[in-house]
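To start, the structure itself, in C-alpha cells.
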Amino acid sequence: MTQRTAGTGVRRPDVAMAGGRGGAPKGARPGRPRRRVSGRLRRGVLPYLLLLPALCFELLVHLAPMIVGAVMSLRELTLFFIRDWSGAPWVGLRNYQVAVDFDAPLGRALLQSFLVTVAFTVLAVGLSWLLGTVAAIFMQDRFRGRGTLRAIFLVPYALPVYAAVMTWAFMFQRDTGMVNDLLVDQLHLLDERPFWLIGGNSFWALLTVVVWRSWPFAFLILMAGLQAVPRELYEAAAIDGAGVWRQVRRITLPSLRPINQVLVLVLFLWTFNDFTTPFVLFGKSAPASADLISIHIYQSSFVTWDFGAGSAMSVLLLLFLLVVTAGYLVVTSRRRTADA
C-alpha cells in the first residue's frame, strides 16, 4: 500500500502498514539486537566470573588475617585472653603509642630492630642484584659448559629454605664448622675462630645466607630479560669502538631498566619480610645485631605473649611497606613517562 506525499506526486510506502509490527520493515529480525547485546554482556562479565574464585580465595587467605590482626592490635591481648581473644579489654591505639614511644624500652627495641632491618635489606638487595647482573651478563656469551654452570648457579634458589639454612648453620659453627676451618686452618686469614651465630658477626652470617639464596633469583630474571636484547646492538657498538663496560652502561642496563624496577621491589619485599632465614639460623631469640623486624615481632608476640603489641607492630610494618611500595611505583612510573 502506498501513500501520496503532500505537495508532490511521489508515492512512498506506508511504513506503518508495511511492517505490520511496530513499524519494523518486513523481514527484519527484532530478536537479533537483543541477542547481540546479551552476547557482549556475557563476554564482558565472563572474565570477572572466572577470576571470582581466585579473588575470593585470595581475600580469605590474606585479607581476613589482616583484618583479624588489626582488630587484635586494638585489644590488650595477653596470655590470659588467648583462649577467647574477643574478650580481651579494648585499649584502642594504646598499643601503637607504646610501639612508637622511642623513649620506652619497647619502642627503642623496635626502632633498633627497624634500623637493623633497613641496613640489612639495603645490603642484601644491592649485593643480590649486583651478583645476579654480573652473572647474567657473563652467561650471555657462548662457551663450553654454559648450561651446566647455569644449573649450578640456580641450585641455591632451588633448594628448600629450611635445608639450606640448616646447612649454613652447621657451616657457621665455631669449632666444627667449615667456614672457620677454611678461614683459619686452610687460608690462615684469621688467627682465632670467631663466633658467627652470636655477637656482631651474626649480622654478616645472616647477610651471607640471604644473599646466597637471593642472587640466583636475580640472575634468573635478568638472564631472561637479556634474551630480548638484540645481539646486533653489541656488534654495532663493538665496531664503533665501545668497550665492554661502555656496552653494559649504554645498552645492557638501559634495556634491563623495566625488569630491574620490578626485581628490586620484589627483592626488597622478600628481604624485609624474611622470617624463615633468621628463625632457622638463630632460633627464637636472634642476636641484637641480626634482630630483623620480622623475628622481633615474633618475639614480642610468642615469647613475651603480648599479642596486642605484636599485632600493632605488624600493622605498622604493613603500613610502612605499603607507603614505600606506593612511593617506589610512583617514582618509577614518572621516570618511565619522562623517558618515553
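The values are calculated or read from the model by the stated rules, or taken from the named source; none is laboratory data. Computed from a prediction, not measured in an experiment: that's the story for all the values here. When the accessible area is computed, the model is the full protein with side chains, heavy atoms only, and any ligands, DNA or RNA have been set aside. Shrake-Rupley method; radii C 1.70, N 1.55, O 1.52, S 1.80 Å.
Quick notes
- The phi-based Karplus calculation (6.51 cos²θ - 1.76 cosθ + 1.60; θ = phi - 60°) puts the 3J(HN,Hα) values of segment 244-252 at 5, 5, 5, 5, 5, 6, 9, 10, 5 Hz, whole numbers, x for Gly and Pro.
- Kyte-Doolittle mean at least -0.5 and Cα axial length at least 18 Å: DSSP H helices in the chain: 31-58, 105-138, 201-226, 257-272, 307-339
- Carbon and sulfur %, accessible surface of segment 46-112 computed with the full protein complex present, 1.4 Å: 73 percent
- Proportion of all alpha-carbon pairs of segment 192-308 beyond 21 Å (%): 57 percent
- Computed [θ] at 222 nm, deg cm²/dmol, the chain (DSSP H ≥ 4; -39,500 (n - 2.57); rounded to nearest 500): -19500 deg cm²/dmol
- Segment 159-234 - accessible surface per residue (Å², probe 1.4 Å): 55 Å²
- Carbon/sulfur fraction of accessible area - segment 114-305, other protein chains in place, 1.4 Å, %: 67 percent
- Among LEU292, LEU106, LEU63, residue whose mean-square fluctuation peaks in a GNM of the chain (springs only between Cα atoms under 10 Å): LEU63
- Gaussian network model of the chain, springs between alpha carbon atoms under 10 Å - residue of VAL100, VAL71, VAL323 with greatest fluctuation: VAL323
- Evaluating 6.51 cos²θ - 1.76 cosθ + 1.60 at θ = phi - 60° for every residue in segment 188-197, the Karplus couplings come out as 6, 7, 10, 7, 9, 7, x, 8, 9, 9 Hz, glycine and proline recorded as x.
- Extent along the principal axes, Cα only, for segment 114-305: 63, 41, 26 Å, with the longest axis given first.
- Reducing segment 88-102 and segment 192-261 to their Cα centroids gives an inter-centroid distance of 43 Å.
- Ordered by 1.4 Å accessible area with all protein chains kept, ASP175, ASP185, ASP191 run largest first as ASP191, ASP175, ASP185.
- Remark: segment 97-136 carries 50 Å² of accessible area per residue (probe radius 1.4 Å; ligands, DNA and RNA excluded).
- Surface/4 estimate of mean projected area, convex hull on alpha-carbon atoms of the chain, nm²: 36.9 nm²
- In this structure the amide hydrogen of ARG75, modeled in the peptide plane, comes within under 5 Å of the amide hydrogens of VAL91, none closer than 5 places in sequence on its chain.
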